[in-house]
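Report on the structure given below.
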């Protein structure tokens, strides 16, 4: 199994390097759980400055509204009520919510701590057909900055990984602000970084575009941040409609 490590100064640069690495070094094998095939490798990508512009990859298949909704789902738990109703088995926010305050207090207690770990996987994942993909997060203060290292057991490279990484960087930023320290590196580890057969053409298109150069990312400040802010009322209305069903 290929073991790949790539880096980038910005989030899009590191993500694009991860896509290139997967495209050039992968094994194609069956994925019986989903009745398809996949190209797969184990990939770690390191973002040296997660808040450096430009932040938004043009290889992200969503729009500002979908990215803002996902950020709110992970950081604020806007759809946690679906778990309470029994419609969903879990959300990442619901799994992490009670652990985040402890992480902050632990790092305040001991800035050199190696114990500030959030565990997302739990025993219910042993009995479900949809176990959590995100497994754990470790927050570490080194050099006066807050670094975040995450582990995914499985990560859809062209469809999910950028959105996952963006939301987790926003969580890293929130905790760094609570600690009054800057954001450090972000390290994204996917034991199975993969692309499904139905998405091979899209994946090839992403790689061709990255290799072609040009503008590959959008600026967040003054562009996507404003569009995401504008989407908040629509998202809030959607949440209320779901709650009232």
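The values are calculated or read from the model by the stated rules, or taken from the named source; none is laboratory data. Given the structure is predicted, the values throughout are model-derived calculations rather than measurements. Cβ atoms come from the backbone with ideal geometry, glycine included; neighbour counts cover every protein chain shown.
Just one of (1) touching a residue at least 40 places away in the same chain (Cβ under 8 Å); (2) closer than 19 Å to residue 154 by Cβ; (3) in contact with a helix residue (DSSP H, G or I) (Cβ under 9 Å, 6 or more places away or on another chain) fails for residue 28. It is (1).
Limited to segment 91-125, what total is found for residues that are modelled with pLDDT under 95 and closer than 22 Å to residue 149 by Cβ?
Within segment 91-125, the first condition is being modelled with pLDDT under 95, and the residues that meet it are 122-125.
This time we only want the ones that are closer than 22 Å to residue 149 by Cβ, so: 122, 125.
Number of matching residues: 2.
For residues in segment 160-173 being farther than 27 Å from residue 144 by Cβ and out of contact with any strand residue (DSSP E or B) (no Cβ under 6 Å at 6 or more places or on another chain), which is surrounded by the fewest Cβ atoms within 10 Å (Cβ to Cβ)? Per the stated criteria, the residue is 160.
The set of residues in segment 207-219 being touching a helix residue (DSSP H, G or I) at 6+ places or on another chain (Cβ under 7 Å), under 12 Å from residue 23 (Cβ atoms) and surrounded by fewer than 19 Cβ atoms within 10 Å (Cβ to Cβ) consists of 207 alone.
For segment 34-71, the tally of residues that are touching a residue at least 40 places away in the same chain (Cβ under 8 Å), surrounded by fewer than 20 Cβ atoms within 10 Å (Cβ to Cβ) and more than 30 Å from residue 176 (Cα to Cα) stands at 3.
Look at segment 179-199: where a residue is free of Cβ contacts under 8 Å to residues at least 40 places away in the same chain and a partner is outside any loop (DSSP other than H, G, I, E, B) and surrounded by fewer than 20 Cβ atoms within 10 Å (Cβ to Cβ), sitting 6+ places away or on another chain with Cβ atoms under 8 Å, you get 182/145.
Of all residues in segment 174-206, those that are part of a helix (DSSP H, G or I) and surrounded by fewer than 18 Cβ atoms within 10 Å (Cβ to Cβ) total 11.
Does residue 14 qualify as being closer than 23 Å to residue 120 by Cβ, modelled with pLDDT of 95 or more and in a strand (DSSP E or B)? Break it down stepwise before answering.
Working: closer than 23 Å to residue 120 by Cβ: yes; modelled with pLDDT of 95 or more: yes; in a strand (DSSP E or B): no.
It is false that residue 14 is closer than 23 Å to residue 120 by Cβ, modelled with pLDDT of 95 or more and in a strand (DSSP E or B).
In segment 74-109, of all residues being touching a residue at least 60 places away in the same chain (Cβ under 8 Å) and within 18 Å of residue 235 (Cβ to Cβ), the one that is surrounded by the fewest Cβ atoms within 10 Å (Cβ to Cβ) corresponds to 81.
Within segment 211-226, how many residues are under 20 Å from the mean Cα position of the chain (by Cα) and either in a helix (DSSP H, G or I) or farther than 24 Å from residue 52 by Cβ (or both)?
As a first pass, look at segment 211-226 and keep what is under 20 Å from the mean Cα position of the chain (by Cα): 216-221, 224-225.
Filter again for either in a helix (DSSP H, G or I) or farther than 24 Å from residue 52 by Cβ (or both), leaving 220-221, 224-225.
Final tally of qualifying residues: 4.
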